[in-house]
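Novice: After the structure tokens below, expect a handful of questions from me.
The values are calculated or read from the model by the stated rules, or taken from the named source; none is laboratory data. None of these values were measured; they are calculated from a predicted model. Methodologically, a virtual Cβ is constructed for each residue, glycine included, from the backbone with ideal geometry; neighbour enumeration extends over all protein chains shown. The area values use the complete protein model at the heavy-atom level, side chains included, leaving out ligands, DNA and RNA. Shrake-Rupley method; radii C 1.70, N 1.55, O 1.52, S 1.80 Å.
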Amino acid sequence: MQTNASLFDFIVVGGGAVGLSVAYKLQLRNPDLKILVLEKEDQLSAHQTGHNSGVIHSGLYYKPGSYKAKNCVSGRRELVKFAQTHNVAHDVCGKVVVATEEIELPFLDKIFSNGLANDTEGIQKITGDQIREIEPYCAGIAGIWVPCTGIIDFPGVVYKLAELLDGMHPESRVLTGQEVTGVEHGEDETTVFTKCATFKTKQVIFCGGLQSDRLAKMDSLKPEAEIVGFRGDYYDLTEDAEHKVKNLIYPVPNPAFPFLGVHFTRMVLGGVECGPNAVFTFKREGYGKTDFDLKDTTDALSFKGTWALFRKHWKFGIDEYRRAFSKKLFHKQVSRLIPSLTMDELKPGRSGVRAMALGQDGEMIEDFRIEYKGNAIHILNAPSPAATACLAIGDEVATIAEKQFGLKVS
């Protein structure tokens, strides 16, 4: 095992949007710091960042006053400026949220009120006719026009952040293929072990996403929540059907669940996809419908919060699994928004896995959660819209580091 002689000021564990944003903001505010980012995969943004829907979220849905709401709105604005400055592919194209039934109208009103409270700029209530002016193939009785929503190349954001970090300090760098296996805290420094090297640092920040609870336990924390993975599958529209979606079309989400529902997204690098569903996965980092990992499955099914969730939402879970394995049922759901879409115009696409933080009672932890102990900071829960909010989260963590470690943040 290789031992690195350098002493870093910070090691950031995790090479997704949150991890790179934390490292970038720390470096930007503290130019003299030596910062190392460790990513276990051979590429950056390999999991949640690289498998999400690629949407710049507006802040429409989140509880006013929550960290999600505040960081989404401020982070979105900063993310768009960052993309403009550094030529990252993006398009602030807007979206429509569409009610197809009368029963959905009260929650559509609630979403609109949330958007106003969260300072989501430019939102408007629109009629069915106005929906069709924006999205001619979409059927709905009422909706919300959200002009500040957009699409972006999130892996492009991450690689640009890594490039900028590499140029800000001669000894700061980003390493891939470095899976963290242990951490030992000393009086003045911490040793971080990976499968192939050993590194020394003054402070360490964990941004492990799907592995955040395991990293916390490895560092002797006892997190109240555990991560349970939920896979989301997408279908792509065939090329001759792509004209049926101009930009983004969202349903009114079911208020009982933390998912936004199956939606249509024009992708910034080309193509149109619809999805995702939300099904319990037997492998945290498994993107195939039948992927299985014994440890992941054992951990999830031995956690009583998982079973509490199943008991509360068993019907939802069964319906989602049926749609996951039935193109016909999936088509039935999405055709509520675009009635002219045929089954032949859908082809299997990619998948992603969401890190769902669950409490012992089966309740989903819906807001960001950051804890710190000694010379370590753990981002234990960073649910959507974490990618949109990544730069704002970076500032939040830099502020925590200033207070916790006595840094002088410029």
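Novice: Rolling a 1.4 Å sphere over the protein heavy atoms, what is the accessible area per residue of region 1-146, to the nearest Å²?
Specialist: Heavy-atom SASA per residue in region 1-146 reads 41 Å².
Novice: Could you please report the charge total around ALA308, scoring K, R as +1 and D, E as -1 over all other residues with beta-carbon less than 12 angstrom from its beta-carbon?
Specialist: 0
Novice: Rounding to the nearest 20 debye, state how big the charge dipole of region 264-375 is about its Cα centre with +1 on each Lys and Arg Cβ and -1 on each Asp and Glu Cβ.
Specialist: That gives a dipole near 360 debye.
Novice: I need to check one value: relative contact order of region 1-81, counting alpha carbon pairs closer than 8 Å and at least 6 residues apart, in percent.
Specialist: Reported as a whole number, the value is 25 percent.
Novice: I need the phi-derived Karplus couplings for region 136-144: 6.51 cos²θ - 1.76 cosθ + 1.60, θ = phi - 60°, integer Hz, Gly and Pro marked x.
Specialist: My calculation for region 136-144 gives x, 9, 8, 10, x, 9, 6, x, 10 Hz in order.
Novice: Same structure again: When averaged across all projection directions, what area in nm² does the alpha-carbon convex hull of the chain cover?
Specialist: 19.3 nm²
Novice: Right, here's the next one. So which aspartates and glutamates can LYS315 reach, going by Cα to Cα under 17 Å and dropping same-chain residues fewer than 8 places off?
Specialist: Partners within reach: GLU363.
Novice: Right, another one. Using per-residue counts of other Cβ atoms within 10 Å, averaged over each peptide, order 187-197, 61-71 from highest down.
Specialist: The densest-packed peptide leads the list: 61-71, 187-197.
Novice: What is the distance in Å between the Cα centroid of region 79-145 and that of region 151-213?
Specialist: One Cα centre to the other: 37 Å.
Novice: Put ARG322, ARG354 in order of accessible area, largest first, 1.4 Å probe: what do you get?
Specialist: ARG322, ARG354
Novice: Running a GNM on the chain with Cα contacts under 10 Å, which residue among LEU294, LEU346, LEU391 ends up with the highest mean-square fluctuation?
Specialist: Among LEU294, LEU346, LEU391, the largest mean-square fluctuation in the Gaussian network model of the chain belongs to LEU294.
Novice: Tell me the net charge near LYS70. Cut-off is 13 Å between Cβ atoms, LYS70 excluded, with +1 for each Lys or Arg and -1 for each Asp or Glu.
Specialist: After counting each charged neighbour, the total is -1.
Novice: Fully extended, how many nm does the chain gain between PHE316 and GLU363 (0.36 nm per residue separation, minus their Cα-Cα distance)?
Specialist: 15.4 nm
Novice: Putting +1 on Lys and Arg Cβ atoms and -1 on Asp and Glu Cβ atoms, find which of PRO136, VAL180, GLY209 reaches farthest to the positive end of the dipole of region 69-210.
Specialist: After comparing all options, I get VAL180.
Novice: For the chain, give the percent of accessible area contributed by carbon and sulfur heavy atoms, probe 1.4 Å, rounded to a whole number.
Specialist: 52 percent
Novice: How big is the charge dipole of region 59-203 about its Cα centre, in debye rounded to the nearest 20, if each Lys and Arg gets +1 on its Cβ and each Asp and Glu gets -1 on its Cβ?
Specialist: Once rounded to the nearest 20, the dipole reads 160 debye.
Novice: While we're on this one: Of LYS34/LYS403; LYS68/LYS200; LYS81/LYS373, which sit over 28 Å apart, Cα to Cα?
Specialist: LYS68/LYS200; LYS81/LYS373
Novice: How big is the dipole moment of the chain about its Cα centre under a simple scheme where the beta carbon of each Lys and Arg is +1, that of each Asp and Glu is -1, and everything else is neutral? Debye, nearest 20, please.
Specialist: 540 debye
Novice: Leaving out ligands, DNA and RNA but keeping every protein chain, what accessible area does ARG266 have, in Å² rounded to the nearest 10, with a 1.4 Å probe?
Specialist: 60 Å²
Novice: Contour minus end-to-end for LEU116 and ASN254, with contour as 0.36 nm per residue of separation and end-to-end as the Cα-Cα distance?
Specialist: Separation in residues times 0.36 nm, less the Cα-Cα distance, equals 47.7 nm.
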